[in-house]
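Just so it is clear, none of the values below were taken in a lab; they were calculated from the coordinates. Everything numeric here is computed off the predicted structure, so don't read it as measured data. Backbone-built Cβ (ideal geometry, glycine too); neighbour counts: all protein chains shown.
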C-alpha cells in the first residue's frame, strides 16, 4: 500500500493496521510512504491512497474524503509580520513554493494564481517539509487542515481555501484478489475519519502477520 508521507503518518498513528491485523491475522500491510506516484500497473504497490482526481483508466477505486486546506502560519510569524486578511494580501508575505512532485498540486496552482508576487522564502517537494518550514516562523504556506490543526504552533490565517479529494485506488485486475479485496474493503469502511482528520491517534502494539505485500 502506498501514500504520501503526510497521509501515512496519520494512518500509522491511527491504529488502523492493528485493527486490520486482528480481523485478518494471516495478512500484513507494508506501507510505502513517498511523494512519488508508484506504478500500480507495474506492481510497485497494490493499493494507493491518492489526492486529486484519478486519471489512469487502469485503476478503479472510491473517493474516501474531501480534505480542507488552508493557509497556515506560526504564531511567531503572525506576531512579526501579521496575518493576511484576504488572498490578495498574500503578495506582501513570505511563502513556501511547492516544487517537484508538489508543483502540480491543486494548492500550488492556487498559490500561483492568488500570490504570484509573494516573496519565496523556501521551496519544498513534500508536505511534511512545508509544515516544518512554516513552523520555523519564516513563512506561511497552504497545508491540509487534518495535519496542520494537530500542531499547536500553527494557526490557520486564511481558509479553508479549497477542498482536496482523496481516493483509494487499485488496479482493476487486482480488485478481486482476496488479500487485496480484504484490505481495500476494510479501508473503504474505516479510512475516511483517518484521512479527514476526525479520528484521534492511538498507541498500540503492532499485530504480527504473515506474508503479503498490500
Discussion item. Suppose only helical runs count, i.e. DSSP H with n ≥ 4. What mean residue ellipticity at 222 nm does that imply for the chain under -39500 (n - 2.57) per run, divided by all residues and rounded to the nearest 500 deg cm²/dmol?
Written reply: -8000 deg cm²/dmol
Worksheet item: Given that just one value was derived from the coordinates, which of (1) 49; (2) 53; (3) 33 is percent of Cα pairs over 28 Å apart?
Response: (3)
Worksheet entry | Pair residue 153, residue 57: separation of 7 Å Cα→Cβ label points (nm) | 4.8 nm
Worksheet item: Of all DSSP beta bridges in the chain, what percent run antiparallel (nearest 5)?
Response: 70 percent
Worksheet entry | Added length on full extension, which subtracts the Cα-Cα distance from 0.36 nm per residue, residue 110 to residue 188 | 25.2 nm
Worksheet item: Counting alpha carbon pairs within less than 8 Å and at least 6 residues apart, what relative contact order, in whole percent, applies to the chain?
Response: 38 percent
Worksheet, complete the sentence: For the stretch 67-163, percent of DSSP beta bridges that are antiparallel (nearest 5) comes out at 60 percent
Practice prompt. Please say if the stretch 66-155 is rounded, prolate or oblate, where rounded means a/c under 1.5 for a ≥ b ≥ c the square roots of the C-alpha gyration tensor eigenvalues, and otherwise the choice is prolate for a/b larger than b/c and oblate otherwise?
Written response: rounded
Worksheet item: Can you give me the relative contact order of the stretch 67-163 as a percent, contacts being Cα pairs under 8 Å and 6 or more apart?
Response: 51 percent
